[in-house]
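Can you keep this structure in mind? I'll have questions shortly.
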């Protein structure tokens, strides 16, 4: 029997058709500090792990490199998979109910290439322990904690 993938957050609603949305997200640690992205949303700002959707025909690691660069302006390297979880949510920026399959990787930030090109995003460096509680999505907090422990941060 295959192992069930952990679900975080609310249970799926029976009255909603969810679209599967695979994504890759990065815990990027350097000397105890974490590189996050701040996304401007209607009426709020969200601190998030950099990353996002894996496009059709794209593999998770190339998608992760692309997303980190778009959202933070930094290159990244040295990825290893920490784990994965699923989350059912409404994505207001896409007007879409999604079953998000989130794969989390631990890596290192590389050189900054310039400002983020993704509209409404900016790179934020934060102390690792503060970053855990500052993340908007509580499902990412244990992954950030685990990444910090594994990286010695």
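Derivation of every value follows stated rules applied to the coordinates shown; laboratory data play no part. This one's a predicted model, so the numbers in the text were calculated from it and none came from an experiment. Don't worry about glycine lacking a Cβ; one is built from the backbone with ideal geometry, like all the others, and counts go over all protein chains shown.
What is the spread of the Cα atoms of the stretch 18-72 along each of their three principal axes, largest first, in whole Å?
Principal-axis extents of the Cα atoms in the stretch 18-72, largest first: 33, 31, 17 Å.
I'd like the FRET efficiency for residue 122 and residue 7, computed as 1/(1 + (r/R0)^6) with the beta carbon distance as r and R0 of 25 Å, rounded to 0.05.
On the way: r = 30 Å, r/R0 = 1.21.
Computed FRET efficiency for residue 122 and residue 7: 0.25.
Another question, then. How much FRET efficiency would the formula 1/(1 + (r/R0)^6) give for residue 17 and residue 55, where r is the Cβ-Cβ distance and R0 is 25 Å, rounded to 0.05? Write down the numbers at each step before the final one.
Details: r = 21 Å, r/R0 = 0.84.
Approximately 0.75, to the nearest 0.05.
Helix 60-72: angle to the longest alpha-carbon principal axis of the chain, degrees 0 to 90, nearest 10?
Rounded to the nearest ten degrees, it is 60.
To test your reading of the geometry: what angle, between 0 and 90 degrees and rounded to tens, separates the Cα axis of helix 141-151 from the longest principal axis of the chain?
With both axes taken from Cα atoms, the answer is about 40 degrees.
Can you give the helix-only mean residue ellipticity at 222 nm for the chain, where every DSSP H stretch with n ≥ 4 adds -39500 (n - 2.57) and the sum goes over all residues, rounded to the nearest 500 deg cm²/dmol? Working shown, then result.
Values: 3 runs with 31 residues, N = 153.
Value at 222 nm, helices only, nearest 500: -6000 deg cm²/dmol.
Relative contact order, percent, of the stretch 20-151 when contacts are C-alpha pairs under 8 Å separated by at least 6 residues? Could you put the intermediate results ahead of the total?
Numbers: 287 pairs, mean separation 44.8, N = 132.
That works out to 34 percent.
Along the Cα-to-Cβ line of residue 31, 7 Å from the Cα, sits a label point; which residues in the stretch 103-121 have backbone N less than 15 Å from it?
Residues 109-112 fall inside that zone.
What is the extension gain from residue 133 to residue 112, computed as 0.36 nm multiplied by their sequence separation minus the C-alpha to C-alpha distance, in nm to one decimal? Don't skip to the answer; put the middle values down first.
Values: separation 21, 0.36 × 21 = 7.56 nm, distance 2.53 nm.
Full extension of this stretch gives 5.0 nm more.
Could I get the Rg over Rh figure for the chain? Both from C-alpha atoms, Rh via Kirkwood, rounded to two places.
Working: Rg = 15.0 Å, Rh = 15.7 Å.
Using Cα coordinates only, the ratio equals 0.95.
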